[in-house]
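Every read-out reported here was derived from the displayed coordinates using simple, explicitly stated rules and does not represent laboratory data. Predicted model, so just to flag it, every value in this text is computed and none were measured. Quick reminder, even Gly has a Cβ in these numbers, built from the backbone with ideal geometry, and neighbours come from all protein chains shown.
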Amino acid sequence: MASLRWTGYGVLATVLLITNVTCYLQLKLDNLDQFVEKTKGVLGHMACLDSNAELCPLCTNCVQYALDDVVDDPEIIEEWLDVLNFTMAEVSHYAALASWNYVTNITKYNTEFLSNVSMLSGNYGLEMKDEARKIVQDNLDFRSRRMLKFALRGGELRDGHKRRLLQVTTNKMQTIYSVGKVCPPDQPAGSTEGCLALEPDVVNIMANTRDYDELLRVWVGWRDAVGPKIGKLYPTYVELKTEAAKIGGYESHTDILLEKYEDPTFEQEVDDLWQQVKPMYLQLHSYVRRKLAAQYGDDKVDVRAPIPAHLLGNMWAQQWNNIYDIVEPFPNQGTIDVTDKMKEEGWTITKMFQVANNFFKSLGLEEMPPTFWSKSMLEKPTDREVVCHGSAHDFSEYNDVRIKMCTEVNMEDLNTVHHEMGHCEYYLQYNKQPVILRGGANPGFHEAVGDTIALSVVTPDYLHQIGLLDSNKIDKSQEINYLMEVALNKIAFLPFGLLIDKWRWQVFRGDITPQQYNEKWWELREEYQGLSPPVERTSSDFDPGAKYHIPSGTPYIRYFVSFLVQFQFHEALCKAANNEGPLHLCNVYNSKEAGAKLKSMLEMGMSRPWPDAMETMTGAPNMDTSAIKEYFRPLMEWLEEENDGELIGWGKELRIFHQ
């Protein structure tokens with residue numbers, strides 16, 4: 001009979017683990033230098049890692065365990081799973097800490113340190129898989145089988161040199177993106193004088209400038225600054241990810257990306273969902289295109305063709321709310337963009353986060369812990385390079401959650417603050433689950449939590465409550481204006497949220513070659529978004545790399561899922577709060593009933609398949625589009641009247657729309 005052998009298992013605050021052959025040093029949380037010093041000469045030599053050299057003599061205390069043979073005894077397996085969750089917490093904590101140091105201070109030291117910790121945690125993951133494969137699951141309960149399922153999934157790049165190359169390649173791509181600058185065309189080589197960082201400089205130009213040529217300059221400049229450099233590295237990244245997937249038993253890395261949704265029909269399902277909301281997008285696209293033609297002239301914007309991608313107020317044309325002034329349905333009738341009011345009232349970045357924290361607290365949910373306020377990076381530092389893209393971070397233990405964000409005082413960032421804090425709330429709610437079951441029910445659920453709250457935050461009622469609107473009453477024209485602002489954010493995003501991973505899935509399946517990367521990217525941009533590049537693009541460009549989630553390897557379909565299910569969640573919370581008004585005006589602030597409903601889903605983590613979590617929240621197990629359609633129904637009725645007799649669509653689908 002197989003047995004489990006392990007020694008030194010105790011509740012240590014920090015233990016560097018490695019099963020059998022590797023071991024994590026017992027350290028204090030802030031003693032990373034000691035970690036590097038004690039492992040010097042080991043982490044830096046791939047031969048040592050490749051041969052699984054014994055590292056335990058470096059440790060003052062170790063966790064060692066292994067399954068001697070195939071095991072089917074549930075008691076032994078449960079014991080092994082306990083150790084797995086304990087050690088995974090420590091590994092995850094160190095990996096998160098190394099990542100945090102890198103993204104908040106991009107230095108050579110922090111980059112190398114991240115690579116080293118990633119190598120060790122990668123060793124841990126491979127060894128866990130080898131042990132988990134010895135377990136016979138026939139007599140296990142659902143929860144234990146689920147933990148083993150997650151322990152076994154994912155790619156396996158077992159050659160240490162190749163794993164190091166993958167980590168280094170990923171870090172290089174992310175660094176290129178994060179330190180990229182748009183410089184004047186006559187800039188001397190090596191000089192950064194007059195160069196603009198993406199955030200906040202270039203982002204603000206794209207949002208606020210209405211000069212066609214200036215928008216074109218920074219649009220091209222950003223892509224020229226980062227795209228080709230990342231494009232040279234991306235084929236290596238794809239090759240290594242593909243090899244890891246095949247060794248792990250998958251046909252391609254795409255299968256790994258889709259596996260998190262636990263649904264073999266998921267690709268078809270998101271296609272079906274897109275077809276259901278596409279008519280809403282076409283109405284918005286047609287209206288916006290005509291307004292842009294009026295703004296810039298028919299020679300710049302052809303109402304029969306795709307829209308030039310640099311005119312929509314956003315570097316990636318993913319959300320269009322920054323051009324609200326161009327497309328406002330009823331001018332001078334009021335707006336929910338309270339940026340000017342926030343500045344007039346002296347709002348600070350800290351206050352924006354405090355307001356978000358108070359909203360979650362009003363629902364009876366967790367407040368952000370003291371370490372959140374002392375350890376988060378809430379604004380852009382002036383003394384170092386950082387990854388400005390907003391993100392939330394879970395340090396696995398110690399009730400430690402943080403946000404990294406180059407926040408500015410404006411309405412858009414107020415929404416983003418709630419989005420990122422939604423991640424932190426999810427972390428805190430499922431913290432009582434075993435480590436391997438901590439996570440969103442599916443990745444889209446994790447993205448949806450904060451955005452669901454933000455649907456209440458943007459209501460006139462809530463903005464009035466926090467002193468940013470003089471009145472919570474709106475007439476019909478103001479209601480259409482309000483819904484237009486939200487639609488420019490939510491409806492405009494949907495095809496973008498779908499196409500990024502459409503492109504990525506095809507790349508990893510080998511359906512798109514490196515020579516076709518850019519060509520196929522723009523084919524999808526036109527097919528789904530009805531957008532075109534404002535200047536000719538070639539195979540030497542790599543425009544996908546100008547979007548953070550490509551060089552960082554962050555899956556994107558989660559956002560498409562989120563932008564649909566957040567309306568289902570919002571509807572469920574509004575019902576719990578006994579809202580009797582229209583869905584788009586519902587504000588659940590202070591509703592403990594809504595908070596209890598949300599909490600019941602959040603605390604499940606990944607312990608059940610996502611349809612179970614959906615049913616807990618909404619009463620039905622499936623994703624559907626009825627809630628988002630109901631939310632925007634008044635705006636869609638108005639747009640159909642506006643677009644009656646006008647051109648809608650592009651390419652082969654161009655037609656005159658009739659109600």
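Key figures
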| read-out | value |
| --- | --- |
| Interchain or long-range residues, amide H under 5 Å from ILE135's placed H | VAL71 |
| Karplus-derived HN-Hα couplings along the stretch 214-219 (A = 6.51, B = -1.76, C = 1.60, θ = phi - 60°), whole Hz, x at Gly and Pro | 5, 4, 5, 4, 6, 4 |
| Subset of LYS547/LYS629; LYS278/LYS502; LYS181/LYS300; LYS229/LYS260; LYS149/LYS246; LYS129/LYS162 violating a 21 Å alpha-carbon distance limit | LYS547/LYS629; LYS181/LYS300; LYS229/LYS260 |
| Charge dipole magnitude, Cβ of K and R +1, D and E -1 - the chain, Cα centre, debye nearest 20 | 1000 debye |
| Karplus 3J(HN,Hα) series, Hz, for the stretch 279-288 with 6.51 cos²θ - 1.76 cosθ + 1.60 (x for Gly, Pro) | x, 5, 5, 4, 4, 5, 4, 4, 5, 5 |
| Mean separation of Cα contacts under 8 Å, 6 or more apart, over the residue count of the chain: relative contact order % | 16 percent |
| Kirkwood estimate for the chain, i.e. one over the average of 1/r between Cα atoms, Å | 26.3 Å |
| Cα→Cβ-extended label distance, 7 Å offset, between LYS134 and LEU654, nm | 6.7 nm |
| Under the Debye formula (equal points on every Cα, no solvent term), log10 I(q)/I(0) of the stretch 595-657 at q = 0.12, 0.13, 0.29, 0.30 Å⁻¹ | -0.56, -0.60, -1.13, -1.14 |
| Part-to-part distance (alpha-carbon centres) for the stretch 203-228 and the stretch 125-144, which is given in Å | 51 Å |
| Positive dipole terminus of the chain, leading residue within SER92, LEU463, ALA620 (C-beta point charges) | SER92 |
| Dipole of the chain [Lys/Arg +1, Asp/Glu -1 at C-beta], most positive-end residue of HIS584, THR107, MET352 | THR107 |
| Cα convex hull of the stretch 553-659, projected area averaged across orientations, nm² | 10.0 nm² |
| Packing-based exposure ordering (other Cβ within 10 Å, fewest first) of ILE106, ILE307, ILE453 | ILE106, ILE307, ILE453 |
| Sites ARG384 and ASP213 - FRET efficiency at Förster radius 41 Å, r taken between beta-carbons, to 0.05 | 0.75 |
| Pairs of alpha carbons in the stretch 410-506 whose separation is greater than 20 Å (percent) | 52 percent |
| Estimated [θ] at 222 nm from DSSP helical runs (n ≥ 4, -39500 (n - 2.57)) normalised by residues in the chain, nearest 500 | -17000 deg cm²/dmol |
| Viscosity 1.306 mPa s, temperature 10 °C, Stokes-Einstein D of the stretch 271-425 from Kirkwood C-alpha radius, µm²/s | 86 µm²/s |
| Packing-based order for 198-209, 554-565, using average beta carbon neighbours within 10 Å, highest first | 554-565, 198-209 |
| Under the Karplus curve 6.51 cos²θ - 1.76 cosθ + 1.60, θ = phi - 60°, whole-Hz ³J(HN,Hα) for the stretch 575-589, x wherever Gly or Pro sits | 5, 5, 8, 6, 5, 10, x, x, 4, 6, 10, 6, 10, 9, 3 |
| Farthest positive-ward along the chain dipole, Cα basis, beta-carbon charges - from LEU494, TYR124, GLY545 | TYR124 |
